[in-house]
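Let me begin by presenting the structure, written as structure tokens, before commenting on it.
The values are calculated or read from the model by the stated rules, or taken from the named source; none is laboratory data. Since we're looking at a predicted model, the values are computed, not measured. Methodologically, a virtual Cβ is constructed for each residue, glycine included, from the backbone with ideal geometry; neighbour enumeration extends over all protein chains shown. For the accessible areas, the whole protein counts, side chains as well, though only heavy atoms, and no ligand, DNA or RNA atoms are used. Shrake-Rupley method; radii C 1.70, N 1.55, O 1.52, S 1.80 Å.
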Amino acid sequence: METLIIEKQIVINTNYNAKDNSLWDNKKGTTITGSQAVLEALIIEGVDTVFGYPGGAIMPIYDALYDYHDKLKHILVRHEQGGIHAGQGYARSSGRVGVVFATSGPGATNLVTGLADAMIDSTPLVCITGQVFAHLLGTDAFQEVDVINITTPVTKWNCQVTDANEIPNALAKAFFIARTGRPGPVLIDITKNAQLQKFDYDGYVPCNHIRSYRPKPIVRHNYIEQAAQLINEAKKPFVIFGQGVILGEAEQEFKAFIEKGGLPAAWTILGLSALPTDHPLNVGMLGMHGNYGPNVLTNECDVLIAVGMRFDDRVTGRLDKYAKQAKVIHLDIDPSEIDKNVVTTVPIWGDCKETLPMLTKLIEEKKHSDWVEEFRVLGKKETEVVIHKELNPTAGEITMGEVLRQLNELTNGDAIIVTDVGQHQMVACRYAKFNQSKSNITSGGAGTMGFGLPAAIGAKFGAPERTVVAIIGDGGIQMTIQEFGTIMQTGVNVKILILNNRFLGMVRQWQQLFHDKRYSFVDIESPDYVMVAKGYRIAGDTVNERANLKNALQTMLNHDGSYLLEVMVAKEDNVFPMVPQGRGVSEIVLSKDDI
Ligand SMILES: Cc1ncc(C[n+]2csc(CCOP(=O)(O)OP(=O)(O)O)c2C)c(N)n1
């Protein structure tokens, strides 16, 4: 038999969708295997790319994939964690569902961190894991783990399939649940016998309804009216927005809303890029390392309008000191978020793509110029004390902020920025400029180190026409550095910018500020990254000198293919402003002397 080795990934036609059912018509009424049914389902659901890693319990699906390689692109990652973060990056840059394959046992457990990350950051994923034969379940068979129980708290839905006849329905439900309502990760565990089993295939029927599951709630108009009245009467209305705007594809509706009402708007790190950075009503970032103005003025606004955000503790600081003076309007698609952390005056349960225009219609056209000016005045103070010296140092070591400033100048805000977790993440979110949505990809709720590199790979597959820059610390890069192998084999073009401060910087910052500078195990050594990259056929360079920074960034961006640039940055820089843990948002400090 001729052996076909699928090495380079094939770019395929992705014009399959649920309406174009010609493919399942081809197979409908025939006998196929459970594995073929899985792949048919993916194609009909419009999936073009799968991130995965094979193994014993998922071999029948990989065997079937051998015949589907021209219809489905499979990216062989180097670790299942890399696979799921790549799936997340793909979903976040494309707005589509990320699909991930893993084998049973350790393959499945390697997905758990990514599932938790996707769950808290509302990322739509369908993960398919192989499982041991049904007759071996519960016998401690080789590579058997109870993946359903392990992943129940970190999935929106999961299910085990032991009979091939159930595969089409399970997959249809999986896609429906993953992408509707508040999106999230779904896991389908398929026993090996079900993958191998032949059955009479009746066609694939995409799911659009599940009893008791209400992804699109009916909006109560009286709440819209109450909210509009509060906004119309407000002297100091303040909008805070999160990823719900992006997930709901409501960027235009959001812009129309704030522009009509003259409403200053601040973002959570997951909401970043929903509104262009330089929009006159964009007043900056919320939260622990957010901007000074939005944090202080949260406690001075009279009406707080939260759109598609969940009042995470990193955003609210101490809850008993959070916006106590304000009436709160909360627009969210997930009813469990309403009144969870912050008591709401007017709840608006619904899809913000639908609710925002309803609200916009009822609000009066206003400017609130004096109120918006208050944000600018505090912003000026922050610029004087923090931002100016972070972005424009003239002497001393390179700062993370100046790397971001120079990157902005070169990308003009058009790149997708993927970050890992730590100081560099906060600096990147604070200073990166964005002109378009779905451009900031970061691990927000879970703060998963190791996310950045694989998520950047996935982001590039999800948005191949865009420049993708991964900004990663010297700690985080070492957590998933094996994904250089995925870059090498696929030829995917991502720019890897390592901000190397020779420390686990964010932990060091806390040890300096709150643990008496007792630096306990935060001093981390790095390999020669340029040499490691070279070993994977990735070009690269290191910069030590300020004078060479801009050229080095330009070379990275111009390079035809992936490129690693390591920038040696200040060793003991801190990210400010900061809302110290246990303090209220208006107790935000601009420097360590204020703590
Ligand atoms: C998987 C994981 N382990 C540990 C942490 C705790 N943690 C948060 S930030 C950080 C330091 C990150 O260091 P580095 O990657 O060098 O980035 P820097 O803060 O220096 O920019 C650590 C250890 C985490 N967020 N995730």
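I need the full set of residues from the range 333-359 which are farther than 17 Å from LYS255 by Cα and outside any loop (DSSP other than H, G, I, E, B), in order please.
First pass over the range 333-359, keeping only residues farther than 17 Å from LYS255 by Cα: 333-350.
Of everything in the range 333-359, those that are farther than 17 Å from LYS255 by Cα and outside any loop (DSSP other than H, G, I, E, B) turn out to be PRO335, SER336, GLU337, VAL346, PRO347, ILE348, TRP349.
Checking ASP312 against (1) more than 26 Å from VAL589 (Cβ to Cβ); (2) within 27 Å of the chain's Cα centre (by Cα); (3) surrounded by 15 or more Cβ atoms within 10 Å (Cβ to Cβ), which single condition isn't satisfied?
Here ASP312 meets the rest and fails (1).
Assess whether ARG430 counts as being in contact with a strand residue (DSSP E or B) (Cβ under 7 Å, 6 or more places away or on another chain) and crowded, with 21+ Cβ neighbours inside 10 Å. Talk me through it step by step, then tell me what you get.
Working: in contact with a strand residue (DSSP E or B) (Cβ under 7 Å, 6 or more places away or on another chain): yes; crowded, with 21+ Cβ neighbours inside 10 Å: yes.
Yes.
Could you list, in sequence order, the residues of the range 480-504 that are open to solvent by 10 Å² or more (accessible area, probe 1.4 Å) and within 17 Å of ASP523 (Cβ to Cβ)?
ARG502, PHE503, LEU504
Take the residues of the range 315-333 that are among the hydrophobic types (A, V, I, L, M, F, W, C) and open to solvent by 10 Å² or more (accessible area, probe 1.4 Å): which is nearest to GLY447 (Cα to Cα)?
Step one: of the range 315-333, the residues among the hydrophobic types (A, V, I, L, M, F, W, C) are 315, 319, 323, 326, 328-329, 331, 333.
Still in the running and open to solvent by 10 Å² or more (accessible area, probe 1.4 Å): 315, 319, 326, 333.
Details: VAL315: 14, LEU319: 21, ALA326: 29, ILE333: 23 Å.
The residue in question is VAL315.
Quick one: in the range 53-63, which of the residues that are within 20 Å of THR33 (Cα to Cα) and buried (at least 20 other Cβ atoms within 10 Å of the Cβ) is farthest from the chain's Cα centre (by Cα)? Please lay out each step first, then the result.
So the first thing to find is which residues in the range 53-63 are within 20 Å of THR33 (Cα to Cα), and the list is 54-63.
Those left that are additionally buried (at least 20 other Cβ atoms within 10 Å of the Cβ): 55, 57-58, 60-61.
On the way: GLY55: 27, ALA57: 29, ILE58: 27, PRO60: 31, ILE61: 28 Å.
Residue satisfying both the conditions and the ranking: PRO60.
Could you say whether any residue in the range 186-193 is outside any strand (DSSP E or B), touching a Phe, Trp or Tyr at 6+ places or on another chain (Cβ under 8 Å) and at pLDDT 95 or above?
Looking for residues that are outside any strand (DSSP E or B), touching a Phe, Trp or Tyr at 6+ places or on another chain (Cβ under 8 Å) and at pLDDT 95 or above, one finds at least one in the range 186-193, hence yes.
Can you pull out every residue in the range 465-474 that is assigned to a loop (DSSP other than H, G, I, E, B) and within 12 Å of the ligand (Cβ to nearest atom)?
Start the filter on the range 465-474 by keeping residues that are assigned to a loop (DSSP other than H, G, I, E, B), which leaves 465-467, 474.
Hit for the range 465-474 is ASP474, nothing else.
Does ILE387 satisfy the criteria of being outside any strand (DSSP E or B), more than 15 Å from the ligand (Cβ to nearest atom), buried (at least 20 other Cβ atoms within 10 Å of the Cβ) and in contact (Cβ under 8 Å) with a residue 60 or more places away in the chain? First the steps, then the outcome.
Details: outside any strand (DSSP E or B): yes; more than 15 Å from the ligand (Cβ to nearest atom): yes; buried (at least 20 other Cβ atoms within 10 Å of the Cβ): yes; in contact (Cβ under 8 Å) with a residue 60 or more places away in the chain: no.
Against the criterion (outside any strand (DSSP E or B), more than 15 Å from the ligand (Cβ to nearest atom), buried (at least 20 other Cβ atoms within 10 Å of the Cβ) and in contact (Cβ under 8 Å) with a residue 60 or more places away in the chain), ILE387 does not qualify.
So which residues in the range 104-130 are surrounded by 24 or more Cβ atoms within 10 Å (Cβ to Cβ) and more than 18 Å from the chain's Cα centre (by Cα)? Before you say what the answer is, go through the steps one by one.
Filtering the range 104-130 for residues surrounded by 24 or more Cβ atoms within 10 Å (Cβ to Cβ) gives 104, 107-108, 111, 114-115, 117-118, 121-130.
Once the filter is applied, which keeps residues that are surrounded by 24 or more Cβ atoms within 10 Å (Cβ to Cβ) and more than 18 Å from the chain's Cα centre (by Cα), the range 104-130 yields SER104, GLY107, ALA108, ILE128, THR129, GLY130.
Consider the range 475-519. How many of its residues are away from the ligand (no atom under 16 Å from the Cβ) and polar (S, T, N, Q)?
Number satisfying all stated conditions: 4.
Which count do you get for residues in the range 419-455 that are away from the ligand (no atom under 14 Å from the Cβ) and either within 27 Å of LYS389 (Cα to Cα) or out of contact with any Ser or Thr (no Cβ under 6 Å at 6 or more places or on another chain) (or both)?
Looking only at the range 419-455, we keep the residues that are away from the ligand (no atom under 14 Å from the Cβ), and these are 432-441.
Pick out the ones that are also either within 27 Å of LYS389 (Cα to Cα) or out of contact with any Ser or Thr (no Cβ under 6 Å at 6 or more places or on another chain) (or both) and you get 432-436, 439-441.
Final tally of qualifying residues: 8.
Examine the range 520-528 for a residue that is more than 16 Å from the ligand (Cβ to nearest atom) and outside any helix (DSSP H, G or I), and state whether such a residue exists.
Scanning the range 520-528 turns up at least one residue that is more than 16 Å from the ligand (Cβ to nearest atom) and outside any helix (DSSP H, G or I).
Among the numbered criteria (1) under 21 Å from PRO335 (Cβ atoms); (2) touching a Gly at 6+ places or on another chain (Cβ under 8 Å); (3) assigned to a helix (DSSP H, G or I), which single criterion is violated by ASN222?
(2)
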